[in-house]
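> Can you keep this structure in mind? I'll have questions shortly.
Each value in this text was obtained by applying a stated rule to the coordinates, not by laboratory testing. Treat the numbers as computed from the prediction; the structure is a model and nothing was measured. So basically every Cβ, Gly included, is an ideal-geometry build from the backbone, and we count neighbours across all protein chains shown.
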Amino acid sequence: MRMIRETWAWLDARLKIGDAIEQTAAHPVPRRSASWWYVFGSGALTMFIMQIVTGICLALVYVPSADEAFHSLQVLNFQQAMGWFLRAMHGWGSIFMVSLVLIHLIQVFLFGAFKFPRELTWMVGVLLLLMTLGMAFSGQVLRWDQDAYWGLGIVASLVGRVPLIGGQLVQIVLGGPIIAGETLTRFFALHVFVIPGLLIAFVGVHLLMVLKLGINDYPMPGRLVTRETYVAEYEKMVHEDGEPFVPDAMQKDVVFAGLLISGVIFCAAVFGPFGPGGTPDPTIIQTVPRPDYFFLWIFSVAALMPPGIESFALLVGPVVGILFLLVLPLWAGVGEKSWRRRPVGVLVVIFAVLAWAILTHLGNTAPWSPVMDAWSALPVPEKDLAGKTAVVRQGALVFQVKQCHNCHALAGEGGHRGPALDDVSTRLTKDQLFRQVLQGGGNMPAYGTNLSPPETTALVAFLETLHPANEPPARDASGPSPPK
Amino acid sequence: MSDGMTRRFVLLKLGIAINVVAGVVLAVPIVGYLLSPGRRKRMTEALSWVELGELSKFPEGQTRMATFRNPSTRPWDGPTGDIPCWVRRMQGQSFQVFAINCAHLGCPVRWFPQSNLFMCPCHGGAYYADGARAAGPPPRGLFQYDFKVENDRLFIKAGMMPTLGNVASAGRSSDNSPCA
């Protein structure tokens, strides 16, 4: 113990940072701010540090080459000692980090911490969020499997929609005319050098401002922020009712950091690493590309947006959203901090979280995607076939062979691109069924040239039998009334 | 004393000037290096005729997948340098060669010969046999490559991932195609 103290004294006589560290550590924070609500920022930082450590370990083995990346990931997963675990830690660490950054953002928003004088801290935080998402996406690219390849295809297609310079931008993003070796090295440089460097620098600025301006005071309904009085009030508060950050206020951060790291270790050990999925060979098209968890909502938006406004929404929407976040503290920099008296702010958060959750859920189930193998893998329910005539059964066969099942569900099985057909004959008369099959419409392809007249007749005969047991099929209202 | 001060500022100004000049001289090649993939010349050079194989590989009235090695590749591109496409041979020497990438967001479309449709696994885009948009979010039909037949072999002009900013080789839209 004495030796440690003497060594430190020797070092500090030359480094001269002991006083600064002591002052920083002991800086007073408002007693009520030492709250469990205030642990998410330090939690995100803990995850970032862990990502750096595990990331460096992975970089020792990973080969950023389009030809070899996939194999080097296989080596990491199956041959390198503990390689699978480090990949799992890095993958789960990314999920934890993105989640914590988002929770931190919501907490800071609800607690009014972006208001005077912490506007710039918030803006830098928004940039940190963007960088974190950039890390998440570029990390997914480095996995260099089918999802990475086609995810890049989606990025390229999005960039290609930029007016005038879209074509050139695609080449610059991909590093060449196609998704290939130089695309991977581009994203490798971003993931390993550019974004982490920026993250470290901006985290430093973010933390410095938290120290210099003091942690946000716990909002009290009715205690309004004004530019004239806030700083003096805050100083008074931390000196009259404050406690030193170390060791008092820091306790909860330390506990939370330990829980987080344990959580990542648990997930990594139990659930293992993410992928890689199929080999990044574009000639293997039997694939159903999906983005990682954080970007599923964008995948959903891309599917649900009306085509007419899609390019505009996908290119301009994010810019508007980011600008809104950036200018928020300039626009609402003073006044009420407490979420209890900011109903619009609370509604915005509820709306954003709900929208995100619903879009993510939809992205998981992707009801707009045809089930590519439904026609050969899923049977027609027995109840729709039992006791039916030959022509109806022939129609069921047409239904399968012509891949109708890929987009239309029967008894809940099959695609959900189009409406389920269990009660189609209560909605469409025989003539309307013919018209819909032959001419399509309402987002359905026309099958007029793909079906022979006997096939169409059989198919419609089958569809006519699809109605609930006690509900009669639809009939032409202008025709003769049905027999009593 | 004041002389010394002035000389020091002269040096500072000179130093800044040298650094600005050096910075600009350095920035030009760096920016040029970073943006080089987007140079128009390099983009037009990326396209060239590649062979898809003998005509006998493509039966009349059918649509088959063909793959080719991208004309410009790096030695370390591995399997990513192999590009698939869909070849539809109507009859004789009349062909349509479609890019694999959906016109919506670039996912690989699959051909279903039973229903004569291309379907996309990502967002549910569907196209007719002639590449025209049938359903879903794609803003246009499938991208098409220019083709030619020489010595009983099929060639296409390829080399670039088609997007709305860069429509394969010819820039023709399947929606305007006369053969439906």
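> Mean shadow of region A:26-365, computed from the convex hull of its alpha carbons, in nm²?
Values: hull surface 75.4 nm².
Mean projected area of the Cα convex hull: 18.9 nm².
> I'd like the orientation of helix B:2-35 relative to chain B: the angle between its Cα long axis and the longest Cα principal axis, in ° from 0 to 90, rounded to 10.
Tilt of helix B:2-35: around 10 degrees.
> Could you line up A:SER99, A:SER33 from fewest to most neighbouring Cβ atoms inside 10 Å?
Working: A:SER99 16, A:SER33 22.
Fewest to most other Cβ atoms nearby, the residues stand as A:SER99, A:SER33.
> How well do other chains shield peptide B:94-101, expressed as the mean number of their Cβ atoms within 10 Å of each residue Cβ? Display every interim value, and only then the final one.
Numbers: counts 0, 0, 0, 0, 0, 0, 4, 6.
Rounded to a whole number, the mean comes out at 1.
> Okay, next question. Please state the shape class of region A:135-272: rounded when a/c is under 1.5, otherwise prolate if a/b exceeds b/c and oblate if not, all from the C-alpha gyration tensor. If you can, show how the numbers build up before the last one.
Numbers: a/c = 3.32, a/b = 1.90, b/c = 1.75.
Judged from the Cα gyration tensor, region A:135-272 comes out prolate (a/c at least 1.5, a/b above b/c).
> Now for a separate question. Would you please state the base-10 log of I(q)/I(0) at q = 0.11, 0.14, 0.23 1/Å for region A:1-119, with intensities from the Debye formula using one equal scatterer on every alpha carbon?
With no solvent term, the Cα-only Debye profile gives -0.69, -0.88, -1.20.
> Let me ask you something else. To one decimal place, what Kirkwood hydrodynamic radius in Å is obtained for region A:288-407 from all pairs of distinct Cα atoms?
Working: mean 1/r = 0.0534 Å⁻¹.
One decimal place: 18.7 Å for the Kirkwood radius.
> Helix by helix through chain A, keep the DSSP H runs that span 27 Å or more along the axis on Cα and average at least 0.0 on Kyte-Doolittle, and give those back in order.
Numbers: long enough: A:40-59 (28 Å, 1.69); A:83-110 (40 Å, 1.43); A:119-142 (35 Å, 1.59); A:250-271 (31 Å, 1.78); A:307-331 (34 Å, 1.94); A:343-365 (33 Å, 1.83).
Span-like helices here: A:40-59, A:83-110, A:119-142, A:250-271, A:307-331, A:343-365.
> Rounded if a/c is under 1.5, else prolate if a/b is larger than b/c, else oblate: which is region A:50-169, with a ≥ b ≥ c the root eigenvalues of its Cα gyration tensor?
Details: a/c = 3.06, a/b = 1.32, b/c = 2.31.
Since a/c reaches 1.5 but b/c is at least a/b, the shape of region A:50-169 is classed as oblate.
> Follow-up question, since we're still on this one. Sort A:ASP147, A:ASP423 so that the residue with the fewest other Cβ atoms within 10 Å of its own Cβ comes first and the one with the most comes last.
If I rank by nearby Cβ atoms, fewest first, I get A:ASP423, A:ASP147.
> On the Cα set of the protein assembly as shown, report Rg and Dmax in Å, please.
31.0, 119
> Which distance in nm do the two modelled labels at B:ARG42 and A:ASP241 give, with both placed 7 Å along the Cα-to-Cβ direction?
Label at B:ARG42, label at A:ASP241, 6.2 nm between them.
> Still on this model: Choose one answer from B:PHE95, B:PHE112, B:PHE143: the residue with the largest mean-square fluctuation in a GNM of chain B with alpha-carbon springs under 10 Å.
Ranking B:PHE95, B:PHE112, B:PHE143 by mean-square fluctuation puts B:PHE112 first.
> Over all directions, the average projected area of the alpha-carbon convex hull for region A:270-350 comes to how many nm²? Don't skip to the end; give the middle numbers.
Numbers: hull surface 40.5 nm².
The orientation-averaged projected area of the Cα hull of region A:270-350 comes to 10.1 nm².
> Along each of the three principal axes of the Cα atoms of region B:47-176, give the extent in whole Å, ordering the values from largest to smallest.
Here the Cα extents, ordered largest to smallest, are 37, 36, 24 Å.
> Using the alpha carbons of region A:352-415, what is the convex hull volume per residue in cubic angstrom, as a whole number? Write out the running numbers ahead of the final one.
Details: hull volume 5.0 nm³, N = 64.
Value for region A:352-415: 78 Å³ per residue.
> Given the C-alpha centroids of region A:401-446 and region B:81-151, what is the distance between them in whole angstrom?
23
> Can I ask one more? Debye calculation, C-alpha points only, no solvent: report log10 I(q)/I(0) for region A:246-313 at q = 0.26 Å⁻¹, in the same order as the q values.
Reported log10 I(q)/I(0), two decimals: -1.11.
> Enter the mean projected area of the convex hull around the alpha-carbon atoms of region A:374-464, in nm², rounded to one decimal.
Average projection, Cα convex hull of region A:374-464: 5.3 nm².
> Using the count of nearby Cβ atoms within 10 Å as a rough guide to exposure, how do B:GLU45, A:GLU182 rank from fewest to most? Kindly include the intermediate steps, with their values, before the conclusion.
Numbers: B:GLU45 13, A:GLU182 18.
Starting with the residue having the fewest Cβ neighbours, the order is B:GLU45, A:GLU182.
> Something else about it: Can you give me the relative contact order of chain A as a percent, contacts being Cα pairs under 8 Å and 6 or more apart? Don't skip to the answer; put the middle values down first.
Working: 559 pairs, mean separation 90.8, N = 484.
Relative contact order here is 19 percent.
> Oh, and also: How many percent of the alpha carbon pairs in region B:48-105 exceed a separation of 20 Å?
Values: 544 of 1653 pairs.
Tail fraction, whole percent: 33.
> For region A:214-330, max minus min Cα coordinate along each principal axis, in Å, sorted largest first?
69, 45, 21
> Take the Cα atoms of region A:332-484, find their three principal axes, and give me the spread along each one in whole Å, biggest first.
75, 40, 30
> Oh, and also: Pairs B:LYS57/B:LYS157; A:LYS16/A:LYS212; A:LYS402/B:LYS148; A:LYS236/A:LYS337; A:LYS212/A:LYS252; A:LYS16/A:LYS337: which exceed 29 Å Cα-Cα? Write out the running numbers ahead of the final one.
Numbers: B:LYS57/B:LYS157 18 Å; A:LYS16/A:LYS212 20 Å; A:LYS402/B:LYS148 32 Å; A:LYS236/A:LYS337 18 Å; A:LYS212/A:LYS252 21 Å; A:LYS16/A:LYS337 39 Å.
Over 29 Å Cα-Cα: A:LYS402/B:LYS148; A:LYS16/A:LYS337.
> Nearest 0.05, what FRET efficiency do A:HIS361 and A:SER99 give at R0 = 22 Å with Cβ-Cβ as r?
Working: r = 16 Å, r/R0 = 0.73.
Using R0 = 22 Å, I get an efficiency of 0.85.
> Please get the size of the charge dipole for chain B, origin at its Cα centre, with Cβ charges of +1 on Lys and Arg and -1 on Asp and Glu, quoted in debye to the nearest 20.
On the way: 20 positive and 12 negative charges, 120 e Å.
Using only the charged Cβ atoms, the result is roughly 580 debye.
> Counting partner chain Cβ atoms within 10 Å of every residue's Cβ in A:162-170, what's the average?
Numbers: counts 3, 2, 1, 2, 4, 9, 9, 6, 11.
Whole-number average of other-chain Cβ neighbours for A:162-170 is 5.
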